[in-house]
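Q: Below is the structure I would like to discuss, written out as structure tokens.
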Amino acid sequence: MSTSGPADDRTPQRFDVVVIGAGFSGMYALHRLRRQGRRVVCLEAGDGVGGTWYWNRYPGARVDIESMQYSYSFDEALQQEWSWSEHFAPQPELEAYANHVADRFGLREDIRFGTRVHELTFNEIADEWRVGTASGECFVAAYVIAATGSLDVSHVPDWPGSERYQGETYHTSRWPKEGVDFAGKRVGLIGTGSTGIQLTPELAASAGHLTVFQRTPNFSLPSFNRELDPEYERDWKEHYAQRRKEVLATHGVVLMSNASEQRSIFDYTEAEREGVMERAWNARNGLEFIRTFTDTSSDPEANAILAEFVRNKIRGIVHDPETAELLCPKTYPIGGKRICVDSGYYQTFNRDNVSLVDVRSHPIVEMTEQGLRTSDAEHELDMIVFATGFDAMTGSMLKMNPTGVGGVRLADRWADGPRTVFGLTTAGFPNLFMVHGPGSPSVLAQMITVGEWQVDWILRTIDFLQENQISRFGTTTELEDEWAAEVEAVAARTMHARTDSWYVGANIPGKPRVLLMYVGGFQRYSDRCTRAADEGYVGYVAQKRLTPSITGSDN
């Protein structure tokens, strides 16, 4: 039975909780809140569920976590009935999975599709949030759960002349559902992050000519993607309960198929370490490869040996020495950015119809009627594809224009970088919870499982507030300072602190350079969050309820 009621843009629609976003975390929050009997609505800007896997439908898009692990754990029947076709699921299958979940649990009746939030305002008298949409609707609720995604707000560089270009343009995160025909065309691809790496072989296969514009090369390993082995699937399904528990004790919420050597790279002779790295190259994905040795994520000298091994692999794959060197990352340590996985990316540059342009040495200066002009040449293009990334971690929150206690705008509070506690709450914005927010493990961990865990923490907190008749709950700047110190302390021991990337907002002009994720590992993170709840949220702002309690109780 639906609890949403009919839309009406004249009268505020009242709910206990508003969930923003119908990706995997938002759907799980909606499902649990409905089971509790809460009056809840989920607002989704797109026309379908799946979040990242709804928007990012470019050719070659797929997850880089094993399919058997990249799935919900909350329902045993769901775990047993769904089958993946590939070891690393492609976008169409991930979107199909999201739709299966929405239909299986009847979630659509409480999701408002095509509804983009552009206003979040806290009412200090009533201790509730006013949620306004681009279409003029208004929703009011005691609590808001922002499951808006870490990678949602697309970034396109503001080059002069963009309005003059006469060809086709696409951003990978807003790829048309009907697909794009690039057969025989002169295609320009801008960006060589994980998206560009996945898309390059697909474009090259049918484009007349593909020109890849690269600013910073990325480390990428072969994915060895394959059809899912039925015996492997059976084994996972048989042991799901045990493995779901084990995964929460890991650094990135992923069980590695190959154990780390658990030794320093310097414990081996040069010949021995080459053998170890060769075996790892042929058997491990990016997350596993960086942990082949105990010290390559923390010791620059050890890291340099591993990085040079990968660069030599690139040199061995790419025939043209000049192109190979351009594809070799040399300005940051391996693992400073998330290592990509690919299906023939480097091999693509051996094709006659593919060329690479280094826009670090020859920047793009403008778009013309016919294509792009770099500092040394003009490139005529029928189509330009932007794989230029996102205003990550903070963009989706700031785009909703949140205004908290005292009329303070979140954009002003975060002007020097986001401040949160656990990536779940931010001071001055009570009763507003974030999933995968800045300061959480986010993209450095397996996001479906972490999203489930964070939603459970949030709903445990809401239960606590209801039981204690607390109407206003939030964190403080003192707790934010403590968490910021923890985030910085663990980051200082890793390669992330030595790397310019979107992890620190380096891809967005004017964005403060702050590490946006918690890199201390999920187990350490979850222990801190759980302890805060177990101890009764010591240090948080908690104001007793002056209005009636919201409905519902957990099952």
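Q: From (1) assigned to a helix (DSSP H, G or I); (2) touching a strand residue (DSSP E or B) at 6+ places or on another chain (Cβ under 9 Å); (3) within 25 Å of E86 (Cα to Cα), pick out the condition that doesn't hold for Q347.
A: (2) is the only condition that Q347 fails.
Q: Here is a follow-up. Being at positive phi and either among the polar types (S, T, N, Q) or surrounded by 22 or more Cβ atoms within 10 Å (Cβ to Cβ) (or both) is the filter here, so list the residues in segment 178-202 that pass it.
A: G191
Q: Something else about it: What is the one condition in (1) loosely packed, with under 15 Cβ neighbours inside 10 Å; (2) in contact with a strand residue (DSSP E or B) (Cβ under 7 Å, 6 or more places away or on another chain); (3) of a type in the set (A, V, I, L, M, F, W, C) that A283 does not satisfy?
A: Evaluating A283 over (1) loosely packed, with under 15 Cβ neighbours inside 10 Å; (2) in contact with a strand residue (DSSP E or B) (Cβ under 7 Å, 6 or more places away or on another chain); (3) of a type in the set (A, V, I, L, M, F, W, C) leaves (2) as the failure.
Q: Moving on. State yes or no: is A142 open to solvent by less than 10 Å² (accessible area, probe 1.4 Å), within 30 Å of K544 (Cβ to Cβ) and either within 27 Å of the chain's Cα centre (by Cα) or at pLDDT 95 or above (or both)?
A: no
Q: On the given criteria, is L424 open to solvent by less than 10 Å² (accessible area, probe 1.4 Å), in contact (Cβ under 8 Å) with a residue 24 or more places away in the chain and over 23 Å from the mean Cα position of the chain (by Cα)?
A: no
Residue by residue, here is whether (1) touching a helix residue (DSSP H, G or I) at 6+ places or on another chain (Cβ under 7 Å); (2) modelled with pLDDT of 95 or more; (3) over 25 Å from W457 (Cα atoms); (4) charged (D, E, K, R) holds:
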residue: P6; (1), (2), (3), (4): no, no, yes, no
residue: Q13; (1), (2), (3), (4): no, yes, yes, no
residue: Q36; (1), (2), (3), (4): no, yes, no, no
residue: R39; (1), (2), (3), (4): no, yes, no, yes
residue: A61; (1), (2), (3), (4): yes, yes, yes, no
residue: I65; (1), (2), (3), (4): no, no, no, no
residue: S83; (1), (2), (3), (4): yes, yes, yes, no
residue: E93; (1), (2), (3), (4): no, yes, yes, yes
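Q: Being assigned to a loop (DSSP other than H, G, I, E, B), of a type outside the set (D, E, K, R) and more than 20 Å from R524 (Cα to Cα) narrows it down to one residue among A249, A283, A324, A271; which is it?
A: Exactly one residue qualifies, and that residue is A283.
Q: From the set of residues in segment 185-221 that are part of a strand (DSSP E or B) and in contact with a Lys or Arg (Cβ under 9 Å, 6 or more places away or on another chain), which is farthest from F289 (Cα to Cα)?
A: For segment 185-221, the residue satisfying everything is H209.
Q: Which of the residues belonging to segment 18-34 are in contact with an Asp or Glu (Cβ under 6 Å, 6 or more places away or on another chain) and either assigned to a loop (DSSP other than H, G, I, E, B) or modelled with pLDDT under 95 (or both)?
A: A22
Q: If R243 meets every condition in (1) modelled with pLDDT of 95 or more; (2) farther than 26 Å from S526 by Cα; (3) open to solvent by 40 Å² or more (accessible area, probe 1.4 Å) apart from one, which number is that one?
A: In the conditions (1) modelled with pLDDT of 95 or more; (2) farther than 26 Å from S526 by Cα; (3) open to solvent by 40 Å² or more (accessible area, probe 1.4 Å), R243 misses (2) alone.
Q: Here is a further query. Regarding T121, is this residue of a type in the set (V, I, T) and either outside any strand (DSSP E or B) or farther than 30 Å from A411 by Cβ (or both)?
A: So T121 does not fit the description; no.
Q: Where the second residue is charged (D, E, K, R) and assigned to a helix (DSSP H, G or I) and the first is touching a residue at least 12 places away in the same chain (Cβ under 8 Å) and farther than 23 Å from I20 by Cβ and lies in segment 45-72, which pairs have Cβ atoms under 7 Å and are six or more apart or on separate chains?
A: Hits for this filter: P59/E202; G60/E202; M68/E233.
Q: Condition first: closer than 24 Å to W175 by Cα and touching a Ser or Thr at 6+ places or on another chain (Cβ under 9 Å). Now tell me which residues in segment 37-55 satisfy that.
A: Answer for segment 37-55, where residues must be closer than 24 Å to W175 by Cα and touching a Ser or Thr at 6+ places or on another chain (Cβ under 9 Å): C42, L43, E44, A45, G51, T52, W55.
Q: If you don't mind, there's one more thing I want to ask. Only one of E325, E308 is within 13 Å of P217 (Cβ to Cβ) and without any contact (Cβ under 8 Å) to a residue 12 or more places away in the chain. Can you tell me which?
A: Going through E325, E308 in turn, the sole match is E325.
Q: Okay, moving on. Run down E231, E288 and say which single residue is open to solvent by 40 Å² or more (accessible area, probe 1.4 Å) and either at pLDDT 90 or above or on the phi < 0 side of the Ramachandran plot (or both).
A: E231
Q: Only residues in segment 167-178 that are in contact (Cβ under 8 Å) with a residue 12 or more places away in the chain count as the first member; pair them with residues that are of a type in the set (D, E) and buried (at least 19 other Cβ atoms within 10 Å of the Cβ), Cβ under 7 angstrom, at least 6 apart or cross-chain, and list the lot.
A: none
Q: Looking for something crowded, with 18+ Cβ neighbours inside 10 Å and of a type in the set (D, E) - is there at least one such residue anywhere in segment 410-418?
A: Looking through segment 410-418, none of the residues is crowded, with 18+ Cβ neighbours inside 10 Å and of a type in the set (D, E).
Q: Follow-up. Mind checking which residues of segment 166-177 are at pLDDT below 95 and either surrounded by 23 or more Cβ atoms within 10 Å (Cβ to Cβ) or not in a strand (DSSP E or B) (or both)?
A: Once the filter is applied, which keeps residues that are at pLDDT below 95 and either surrounded by 23 or more Cβ atoms within 10 Å (Cβ to Cβ) or not in a strand (DSSP E or B) (or both), segment 166-177 yields T172, S173, R174, W175, P176, K177.
Q: Part of a loop (DSSP other than H, G, I, E, B), open to solvent by less than 10 Å² (accessible area, probe 1.4 Å) and of a type in the set (A, V, I, L, M, F, W, C) - does that describe any residue in segment 458-471?
A: no
Q: In the list W84, W129, which residue meets the criterion of being touching a residue at least 40 places away in the same chain (Cβ under 8 Å) and not in a loop (DSSP other than H, G, I, E, B)?
A: W129
Q: Something else now. Applying the selection to segment 486-540, what residues are among the small types (G, A, S), at pLDDT 75 or above and closer than 24 Å to L398 by Cβ?
A: Selection gives A491, G510.
The values are calculated or read from the model by the stated rules, or taken from the named source; none is laboratory data. The model shown is predicted, which means the values in this text are computed figures rather than measured ones. A quick note on method: Cβ atoms are made from the backbone with ideal geometry, for glycine too, and the neighbour counts reach across all protein chains shown. These area figures cover heavy atoms from the full protein model, side chains too; ligands, DNA and RNA do not enter into them. Shrake-Rupley method; radii C 1.70, N 1.55, O 1.52, S 1.80 Å.
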